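What follows is a set of notes on a single structure, which appears directly below.
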Amino acid sequence: MREAGGVEAAAERAIGVRLELTREALRTPPAGTLLEVVYGGAAAAPAAGAPPRLDVPNRLLGGPPVVERWLSASPVRSFARGDLAWSEDGERLAGCRTVAAGEDLAAVTRQQFDAILDLLAERGFPRLLRVWNYLPGINERQAGGERYRLFNRGRAEAFAARGGDEAAAGFPASSAVGAPGDRLYTVFLATGAALPAPHHLENPRQVPAWRYPRRYGPVPPSFSRATLGDGLLLLSGTASVVGHATWHPGALAGQLAETQRNIERVLAEARQTPRGEGAPVGLAGFDLVKIYLRSGADLAAARAALDPWLSPATPAIFLEADICRADLLVEIEGVAAAR
Ligand code: 3EB
């Protein structure tokens, strides 16, 4: 993230958060570390009292292991309680919860979001900006339905149980992709009253996910296309969905081009929104881009197709992951400065 540069920005937000990508996985992260996400799994075991860290279990494609480190300019305190690990700096809270996913994914997901939303209320950071979910067997069918649909039910129940505020104000930006193993991983970022309320964005090319028709599952997914908050544009997992339909099913190049159009449209919305004026026009201006490919064998083709949209300086991470619809081959998300 760009650090607050101008006098105005500094006045509005004396301290802030920034994102660093590094090859260096340290046993004791630098002071100010709110959260670490490790890709390619080369990290040393974290020291006791260290900030929350997720070792993403998905296969990292075409690059050495890398650490995504969220850094605060303020003193950070880190906590752990049961399955939850989190850190706070007075303005924001970042954390991770990991549980055995098991067979009853609706109930486990309900507990996952209950625990997270209860924590945010308890600690005074009730504004959820961004959620990253990694769930095992996302496309598998079982009694009760497809696992992604069970996940959607549990997540929606947890939000609804809290008065449905999110449905009115907008759900957080989100991604939900498959993961190897049997653990459900959820990483989250939230802010409190010291920062302006986040602004959740939709994409006019797409039906809001929370209004998807029942053919995609009895309970629709609870997420916005992007969230502006904490000086950032947090882009949800974006795929080749127009209206509510998958476009270019099974065709990588077409899906990538359609995904670009969706991303550019959301970014245009962001730039017309207060506190989003500084959002980039395309992926090349992002601080981090994550590309999830259903098949690692598509890496070279995806890289070539994305070449016009990513600058050589754009930090990009390619991961192998199942996507939430069986006909989707790719999903792209990212983080950019919004001003
Ligand atoms: C789509 O547009 C693709 O369930 O949290 C993208 C991002 C998708 C987030 C989620 C799902 C989620 O419907 C799927």
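The values are calculated or read from the model by the stated rules, or taken from the named source; none is laboratory data. Just so it is clear, the model here is predicted, and its values are computed rather than measured. Note that we place each Cβ from the backbone using ideal geometry, even for glycine, and neighbour counts take in every protein chain shown.
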From the options Ala313, Ala300, residue that is surrounded by fewer than 19 Cβ atoms within 10 Å (Cβ to Cβ) and in a helix (DSSP H, G or I): Ala300
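Condition test on Gln272, is it more than 11 Å from the ligand (Cβ to nearest atom), under 18 Å from the mean Cα position of the chain (by Cα), polar (S, T, N, Q) and over 28 Å from Ala160 (Cα atoms)?
Numbers: more than 11 Å from the ligand (Cβ to nearest atom): yes; under 18 Å from the mean Cα position of the chain (by Cα): no; polar (S, T, N, Q): yes; over 28 Å from Ala160 (Cα atoms): yes.
Taking the combined requirement at face value, the residue does not satisfy it.
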Just to verify a result, which residue in the range 133-153, among those that are touching a strand residue (DSSP E or B) at 6+ places or on another chain (Cβ under 6 Å) and within 9 Å of the ligand (Cβ to nearest atom), is nearest to Arg110 (Cα to Cα)? Phe151
In the range 319-339, the residues that are part of a strand (DSSP E or B), of a type in the set (A, V, I, L, M, F, W, C) and either crowded, with 24+ Cβ neighbours inside 10 Å or within 16 Å of the ligand (Cβ to nearest atom) (or both): Leu319, Val330, Ile332, Val335, Ala336
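If you check Ala94, Ala85, which single one turns out to be under 20 Å from Pro198 (Cβ atoms) and in a strand (DSSP E or B)?
Result: Ala94 is the single residue among Ala94, Ala85 that is under 20 Å from Pro198 (Cβ atoms) and in a strand (DSSP E or B).
Here is a yes/no grid of residues against (1) among the small types (Gly, Ala, Ser); (2) touching a helix residue (DSSP H, G or I) at 6+ places or on another chain (Cβ under 8 Å); (3) not in a helix (DSSP H, G or I):
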{"site": "Ala268", "(1), (2), (3)": "yes, no, no"}
{"site": "Gly276", "(1), (2), (3)": "yes, yes, yes"}
{"site": "Lys290", "(1), (2), (3)": "no, no, yes"}
{"site": "Ala305", "(1), (2), (3)": "yes, yes, no"}
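Is it the case, given these coordinates, that Gly49 is at pLDDT below 95 and either out of contact with any Gly (no Cβ under 9 Å at 6 or more places or on another chain) or not in a strand (DSSP E or B) (or both)?
yes
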Odd one out for Thr314 among (1) touching a helix residue (DSSP H, G or I) at 6+ places or on another chain (Cβ under 6 Å); (2) within 15 Å of the ligand (Cβ to nearest atom); (3) of a type in the set (Val, Ile, Thr): (2)
Checking the structure you have, find out if any residue of the range 255-265 is assigned to a helix (DSSP H, G or I), modelled with pLDDT of 95 or more and within 20 Å of Val56 (Cβ to Cβ). no
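If I go through the range 2-41 residue by residue, how many of them are farther than 21 Å from Arg77 by Cβ and modelled with pLDDT under 65?
Of the residues in the range 2-41, 11 are farther than 21 Å from Arg77 by Cβ and modelled with pLDDT under 65.
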Filtered residues of the range 67-82 (kept if in a strand (DSSP E or B) and not small (Gly, Ala, Ser)): Val67, Glu68, Arg69, Trp70, Leu71, Arg77, Phe79, Arg81
Of the residues that make up the range 201-220, is at least one within 15 Å of Pro274 (Cα to Cα), within 11 Å of the ligand (Cβ to nearest atom) and in contact with a helix residue (DSSP H, G or I) (Cβ under 6 Å, 6 or more places away or on another chain)? no
How many of the residues making up the range 230-251 are part of a loop (DSSP other than H, G, I, E, B), near the ligand (Cβ under 9 Å from one of its atoms) and crowded, with 22+ Cβ neighbours inside 10 Å? 2
